[in-house]
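Peer 1: Here's a structure for you.
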Amino acid sequence: PRVRARVSGEELERLEVHRVLQNHLGSFEARGTLLGEAELAYLAPHEARLHLSPPLAALVERSREAVKGRATTRRRLLISAASTGAGVLLALSGIAVDQARRADAARTQARSVQASVMTHQAEVSLEADRAADALAFLVRALRLDREHPVAGTRLGTLLTQHRFPLPAGQPLRHQ
């Protein structure tokens, strides 16, 4: 007890660190167990004032190399995972863009087919001498497909060959 009173707290801490290292050295020699990150962090503030024997110094050095190697491996795995994730995202975005283009093409084709059906209905209406109905079908066909090859020509011909009355008053308002 008297000896402890004369030893400072810092010296006690160094003695404890030395005892932990000695215990770990036995474990290292028996099973090859190295120090972990926590033990190395505990040792770091005292290392400059510790006078380590060659076996203890070798244990500390090999432990540091192992921890550094694990950190490097973790970093490499993280980089690999990040680059793989980026590649997957890039591939998925390419697929999404392709799907959007296909959907757009399908939508355009469906509108073109609808415009063709409306143009056919306009021709049937003209044969039945219903010019106003034909006008409505052709307008609808051009709203669906502004570049429809037949609807624009038929509409121009219909407007030049027939007279359509204009409304006399305001449009009716619905509630």
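The values are calculated or read from the model by the stated rules, or taken from the named source; none is laboratory data. Fair warning: this is a prediction, and the values are worked out from it, not measured in the lab. Positions of Cβ are backbone-derived with ideal geometry, glycine not excepted, and every protein chain shown enters the neighbour counts. Ligands, DNA and RNA are stripped out before the accessible areas are found, and what is left, the full protein with its side chains, is counted by its heavy atoms. Shrake-Rupley method; radii C 1.70, N 1.55, O 1.52, S 1.80 Å.
Peer 1: Only one of these conditions is not met by His24: (1) closer than 30 Å to Phe137 by Cβ; (2) in contact with a Leu (Cβ under 8 Å, 6 or more places away or on another chain); (3) open to solvent by less than 50 Å² (accessible area, probe 1.4 Å). Which number is it?
Peer 2: Here His24 clears every test but (1).
Peer 1: Then there's this: If you check Ala81, Ala96, Ala105, which single one turns out to be under 30 Å from Leu40 (Cβ atoms), assigned to a helix (DSSP H, G or I) and open to solvent by less than 100 Å² (accessible area, probe 1.4 Å)?
Peer 2: Going through Ala81, Ala96, Ala105 in turn, the sole match is Ala81.
Peer 1: Cβ-Cβ under 7 Å, sequence separation 6+ or interchain: first residue in the range 131-160 and among the hydroxyl-bearing types (Ser, Thr, Tyr), partner open to solvent by less than 30 Å² (accessible area, probe 1.4 Å) and outside any helix (DSSP H, G or I). Which pairs?
Peer 2: none
Peer 1: Looking only at the range 119-133, decide whether some residue is touching a Lys or Arg at 6+ places or on another chain (Cβ under 7 Å), open to solvent by less than 60 Å² (accessible area, probe 1.4 Å) and under 20 Å from Leu166 (Cβ atoms).
Peer 2: no
Peer 1: Of everything in the range 27-67 that's within 16 Å of Glu16 (Cα to Cα) and among the acidic types (Asp, Glu), which residue is surrounded by the most Cβ atoms within 10 Å (Cβ to Cβ)?
Peer 2: Glu39
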